[in-house]
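In what follows, a single structure is set out as structure tokens and then discussed.
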Amino acid sequence: MSLTASDVKKIAHLARLGIQEQQIHSYADDLSNMLDLMTQMGQLDTSGVVPMAHPLDQMQRLRD
């Protein structure tokens, strides 16, 4: 997915971020790459993967 400069400006406005004009194309490329990665990850077959509550194999310590 390719984002345009106007898309980046809208995202920056919604996130209340100040982006300099000369950095917009760099942000557009970076965000487009992230969205492409998310698309690739969404296409993976995860039917045999058990959902986890935490990425580390830890138990939460609770008070008595």
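The values are calculated or read from the model by the stated rules, or taken from the named source; none is laboratory data. Source: prediction; values computed, not measured. In this analysis, Cβ positions are derived from the backbone assuming ideal geometry, glycine residues included, and neighbour counts consider all displayed protein chains. Side chains included, ligands, DNA and RNA excluded: accessible areas come from the protein's heavy atoms. Shrake-Rupley method; radii C 1.70, N 1.55, O 1.52, S 1.80 Å.
For the stretch 36-64, give me each residue that is acidic (Asp, Glu) and either assigned to a loop (DSSP other than H, G, I, E, B) or surrounded by fewer than 10 Cβ atoms within 10 Å (Cβ to Cβ) (or both).
Across the stretch 36-64, the qualifying residues are Asp45, Asp57, Asp64.
Go through the stretch 1-34 and count every residue that is assigned to a helix (DSSP H, G or I), under 18 Å from the mean Cα position of the chain (by Cα) and of a type in the set (S, T, N, Q).
Qualifying residue count, the stretch 1-34: 3.
So Ala15 fits all but one of (1) modelled with pLDDT under 95; (2) hydrophobic (A, V, I, L, M, F, W, C); (3) open to solvent by less than 70 Å² (accessible area, probe 1.4 Å); what number is the exception?
Here Ala15 clears every test but (1).
Pairs, please: C-beta under 8 Å, at least 6 apart or cross-chain, first residue on the phi > 0 side of the Ramachandran plot and in the stretch 13-28, second open to solvent by less than 80 Å² (accessible area, probe 1.4 Å) and of a type in the set (Val, Ile, Thr)?
Short answer, once both residue conditions are applied: none.
Is the stretch 39-60 home to any residue that is small (Gly, Ala, Ser) and in contact (Cβ under 8 Å) with a residue 24 or more places away in the chain?
Within the stretch 39-60, not a single residue is small (Gly, Ala, Ser) and in contact (Cβ under 8 Å) with a residue 24 or more places away in the chain.
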